[in-house]
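The values are calculated or read from the model by the stated rules, or taken from the named source; none is laboratory data. Nothing here was measured: the structure is a model prediction, and the numbers come from that model. Counting neighbours? That spans all protein chains shown, and the Cβs are built from the backbone with ideal geometry, glycine included. The protein model used for the area step is the full one, side chains on, heavy atoms only, and it has no ligands, DNA or RNA in it. Shrake-Rupley method; radii C 1.70, N 1.55, O 1.52, S 1.80 Å.
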Amino acid sequence: MTSLSSSQLVQWRRELHQFPELSNHEFATTERISRWLTQGNIRILPFGLKTGVVAEIGQGEPLIALRADIDALPIDEAVSHPWRSNNPGVMHACGHDIHTSVMLGVAYQLKQAEAELKGRVRILFQPAEETFNGAQQLIDAGVLNGVQAIFGMHNAPDLPLNRFTTRAGPFYANVDRFVIRVTGKGAHAARPHEGIDSIVIASQIVTALQTLPSRIFSSLESVVVSVTRFTAGNTWNVLPQSVELEGTVRTHNAEIRARIPQKIEALINGIAGGYGAKAALEWTEGPPALVNTPEWAEFALEQARLSGYQAEPAVTPQMGGEDFAFYLHHVPGVFVSIGSASEFGLHHPGFDPDEEIIPSAIDYFTRLAPRALERVAAKK
């Protein structure tokens, strides 16, 4: 078994950071992970994935899983480190290179103690988290078959190093996308009365959408409606025929999530119809809300404290999304946040996590995995 130093893991992280790849195109990333695992005599399972790797350590039952995501984002990096991205317009702006390095380190540590493991630990190096279809690819391939609990992490740039948090129940929100198309009647900008102004109508829709969280649903519920794109016209003196809006809706309440598309349709049809225009809604469901299993959330916090983290339960859930939520619809488990102390947040060109997160997170998951196996075994 090849030993692995913290400096080697940092070097691997920097190599991943220099050569980021977008969702479902992580071919070189997959090759690197496979090669590094093979160097440690860690077995790779043949699930026939296009991208991504599944490794396993141990023998027999029970079986738990750990997960890291491996894809990057279409962002131009603004950090000037020597290991900055070599791929223009692509950057590890969410820290998946950190997550991958952590789980590589965990794989090596567990391999060294493989004889003492009371079961198997399956490690998922998952593609396409940013496009929210990677987890489902692995599920469809059968990666969760036999898994009795699953654990994952995300670095948290807003938390200092050595801080750790999670919570029982809803932790991340569902992620749904909408496109609204408003069709009016084009006209000369000097004679707006001859047309049906799609820009005015769409602007009223943007404002009215904010009544969903403030007036349509209880203010005690977590609901966010954000319009992120407003596309209209191509010149300064013509009222365009149509306008297209795009945005996202987040909530932790499945009942509210189911009702929101109908509420949006009623709202946009009412506004557009009042002006003689038409409005159409295109709705795309993303991951559901990420709901942690209470037992495993408590267990994760306990193990974090034993690992030296300042670990406290999150008071409120987050509005970001995570396709780890799909796993939790099949098996119990928990997703946690570990401080990475970056001045700039996730998906920012200046995102720059502190690499000191890597060794402490490795120690945490190396402690957690065998104890989770013991807990699963004790339930039988």
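Which of these values of Rg and Dmax of the Cα atoms in Å was calculated from the structure shown: (1) 19.3, 70; (2) 23.4, 81; (3) 20.9, 64? The calculated read-out lines up with (2). For the chain, which whole percent of the accessible surface, found with a 1.4 angstrom probe, sits on carbon and sulfur atoms? Summing carbon and sulfur atoms, their accessible area is 52 percent of the total for the chain. For the chain, the longest principal axis of the Cα atoms and the long axis of helix 6-18 meet at an angle of about 30 degrees. For the range 316-328, backbone phi angles converted through the Karplus equation (6.51, -1.76, 1.60; θ = phi - 60°) give residue-by-residue couplings of 10, x, 9, 9, x, x, 7, 7, 4, 4, 4, 4, 6 Hz, Gly and Pro being listed as x. Summed over the residues of the range 8-77 and divided among them, the accessible surface reaches 38 Å² per residue at a probe radius of 1.4 Å.
Sorted largest first, the principal axis extents computed over the alpha-carbon atoms of the range 57-147 equal 46, 30, 14 Å.
Applying the Karplus relation 6.51 cos²θ - 1.76 cosθ + 1.60 with θ = phi - 60° to the range 329-345 yields 3J(HN,Hα) values of 7, 10, 9, x, x, 8, 10, 10, 10, 10, x, 10, 6, 9, 4, 10, x Hz, where x marks Gly and Pro. Given the C-alpha centroids of the range 1-77 and the range 82-160, what is the distance between them in whole angstrom? Distance between centres, Cα-based: 7 Å. Go ahead and set up a Gaussian network model of the chain, Cα springs under 10 Å, then flag whichever of 80, 23, 198 fluctuates most. Top of the fluctuation ranking is 80.
Only one residue of 232, 220, 170 has its Cα farthest out toward the positive end of the dipole of the range 157-259, where Lys and Arg carry +1 and Asp and Glu -1 on Cβ, and that residue is 170. Derived scalar couplings between HN and Hα for the range 301-314 equal 5, 4, 5, 5, 5, 5, 8, x, 6, 7, 10, 9, x, 5 Hz in order, rounded to whole Hz, by the Karplus curve 6.51 cos²θ - 1.76 cosθ + 1.60 (θ = phi - 60°), x for Gly and Pro. Charge dipole of the chain (Cα centre as origin; +1 on each Lys and Arg Cβ, -1 on each Asp and Glu Cβ, all else neutral): 620 debye, rounded to the nearest 20.
Amide H to amide H, with H built 1.01 Å from N, residue 175 comes under 5 Å of 286, counting only residues 5 or more places away or on other chains. For the chain, modelled as a GNM whose springs connect Cα atoms under 10 angstrom apart, the maximal fluctuation among 301, 212, 368 occurs at 212. If only the Cβ of Lys and Arg carry +1 and only the Cβ of Asp and Glu carry -1, the dipole of the range 244-286 around its Cα centre is close to 180 debye.
A Förster distance of 30 Å, applied to the separation of the beta-carbon atoms of residue 236 and residue 25, puts the FRET efficiency at 0.15.
Compute a Gaussian network model of the chain, connecting alpha carbons closer than 10 Å, and tell me which residue from 46, 213, 370 fluctuates the most. Of 46, 213, 370, the most mobile in the Gaussian network model is 46. In this calculation the C-beta distance from residue 39 to residue 285 is compared with R0 = 51 Å, giving a FRET efficiency of 0.80. Accessible surface area normalised per residue over the range 304-380 is 43 Å², counting heavy atoms of protein chains with a 1.4 Å rolling probe.
Considering only 88, 49, 157, and ranking their Cα positions along the charge dipole of the range 40-184 that arises from unit charges at the beta-carbon of Lys, Arg, Asp and Glu, the one farthest toward the positive end is 49. The charge dipole of the range 250-380, taken about its Cα centre with unit charges on the Cβ atoms of Lys, Arg (+1), Asp and Glu (-1) only, comes to about 660 debye.
Report summary: the helix-based calculation at 222 nm, which adds -39500 (n - 2.57) for every DSSP H run with n ≥ 4 and divides by the residues of the chain, gives -10500 deg cm²/dmol. Does the range 113-170 come out rounded, prolate or oblate by the C-alpha gyration tensor, with a ≥ b ≥ c the root eigenvalues, rounded set by a/c under 1.5 and, if not, prolate when a/b is larger than b/c and oblate if not? Taking the square roots of the gyration eigenvalues as a ≥ b ≥ c, the range 113-170 is oblate. Could you give the angle, 0 to 90 degrees to the nearest 10, between helix 357-378's Cα long axis and the longest principal axis of the Cα atoms of the chain? For 357-378 against the chain, the angle is about 80 degrees. In summary, the lysines within cross-link reach of residue 118, defined as a Cα separation below 29 angstrom excluding same-chain residues under 8 places away, comprise 379, 380.
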